[in-house]
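Notes follow the structure.
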Amino acid sequence: MLSAADGPRIAAAFELGRGAAMTGPVARGVIGQVWRLETEHGTWAVKEWFEQPDVAELAEGVAFQDEAVALGVPAPSTVRTPGGDWMIVVDEAPVRVQVWVDLREPDTSLDPERVGGLVGSLHRVPFEGRQPLDAWYTEPIGADRWDGLIAASVLADAPFAERFAARRDALVALDAIVRPPGAARTCHRDLWSDNLRATAKGDLCLIDWENCGLADPSMEFGVVLWEFGRSDPQRARALNGAYRDGGGSGQIGRPSDFSMLIAQLGHIGARACADWLGATDDDERSFAAAWFAEFIDDPHTIEQIEMLLDAVGSS
């Protein structure tokens, strides 16, 4: 893992200037964390991963991000070494650097027209990637696995066990909606409010491109429609209208267009529960419990999906 002492080494490799001072980590996700690096020439975001990542997958994300930025999609710029490399290896682990962007906290109430327009523009980026469809975004968890996780969480006296058990039938019903994706293209595949944010100046910025790969754009837009429009039919209509005006290729017209939403949230919940059950210390357990709370405390429902379908159908 990185330490603050690695700042000068990273700054030298990417020729970021003298006076390097690295602080953090300033942000942590499930698979990695970000440090803040300051030099005489500016401020930079340094990303590291907790486990060895798939470098080919990361490289495709970098290429997709670069292509999108070149076409006007707001995202951090990739920093490269003088030799053109987007990553270096520090103590046998890959490290990536991007231009620092001051971001506000995640906010699902961002201007729906701006969000819809951004995603529409993203879905017009002419990028042909090779990262395949992934079960995380396409396959439901299924009743047997839900039942096993619920039983294990009850037996372990997990703090969320009762709420989890109460959601069992709803989760199984949602899984029944999931259908295979249609025509696929390279997508971001992580368009939650954690990653589509407002900057300190009020602009939008799309971060965390490492999970990109093939997906059905209609199903990806279903994720966006739920994340930023599930509370208000008017927001949903505005999102959908701006997405179409922005050239988005996806279309929402049936419950199965929310398959990616159901699959992805299902895998997030299942992984968070499994992480809590397998945690070896209090910090790991607390992180997993907080992650699971995001899944269980603000649940996706069939009623929300029906509302969203009615809203976009009338837009």
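The values are calculated or read from the model by the stated rules, or taken from the named source; none is laboratory data. For clarity, every value in this text was computed on a predicted model and none was experimentally measured. As a convention, Cβ positions derive from the backbone with ideal geometry for all residues, glycine included, and neighbour counts pool all protein chains shown. All accessible areas refer to the heavy atoms of the entire protein, side chains included, with ligands and DNA or RNA removed. Shrake-Rupley method; radii C 1.70, N 1.55, O 1.52, S 1.80 Å.
Against the criterion of being among the acidic types (Asp, Glu), closer than 24 Å to Asp169 by Cβ and in a helix (DSSP H, G or I), Glu306 qualifies. One residue stands out among those in region 239-251 that are open to solvent by 20 Å² or more (accessible area, probe 1.4 Å) and in a loop (DSSP other than H, G, I, E, B): the one that is nearest to Asp298 (Cα to Cα), which is Gln251. If we scan region 61-76, do we find a residue that is part of a loop (DSSP other than H, G, I, E, B), touching a residue at least 12 places away in the same chain (Cβ under 8 Å) and either over 20 Å from Glu220 (Cβ atoms) or touching a His at 6+ places or on another chain (Cβ under 6 Å) (or both)? Yes, region 61-76 has at least one match. Might you let me know whether region 87-95 holds any residue that is at pLDDT below 95 and not in a strand (DSSP E or B)? Yes; the residues of region 87-95 include at least one that is at pLDDT below 95 and not in a strand (DSSP E or B). Has region 260-274 got at least one residue that is modelled with pLDDT under 95, open to solvent by 10 Å² or more (accessible area, probe 1.4 Å) and either among the small types (Gly, Ala, Ser) or in a helix (DSSP H, G or I) (or both)? No, every residue in region 260-274 fails to be modelled with pLDDT under 95, open to solvent by 10 Å² or more (accessible area, probe 1.4 Å) and either among the small types (Gly, Ala, Ser) or in a helix (DSSP H, G or I) (or both). In this structure, is Arg163 open to solvent by 40 Å² or more (accessible area, probe 1.4 Å), under 19 Å from Trp291 (Cβ atoms) and either at pLDDT 95 or above or hydroxyl-bearing (Ser, Thr, Tyr) (or both)? Criteria met by Arg163.
Scanning region 96-123 for residues that are buried (at least 16 other Cβ atoms within 10 Å of the Cβ) and in a loop (DSSP other than H, G, I, E, B) turns up Trp100, Val101, Thr108, Leu110, Asp111, His123. Pairs linking a residue in region 1-29 that is closer than 27 Å to Phe287 by Cβ and acidic (Asp, Glu) to a residue that is at pLDDT 95 or above and not in a loop (DSSP other than H, G, I, E, B), with Cβ atoms under 6 Å and 6 or more positions apart or on different chains, do not occur.
Taken as a whole, the condition of being part of a loop (DSSP other than H, G, I, E, B) and open to solvent by 70 Å² or more (accessible area, probe 1.4 Å) applies to Glu128.
If only one of Trp35, Trp44 is hydrophobic (A, V, I, L, M, F, W, C), within 30 Å of Arg271 (Cα to Cα) and open to solvent by less than 50 Å² (accessible area, probe 1.4 Å), which one is it?
Answer to the check: Trp35.
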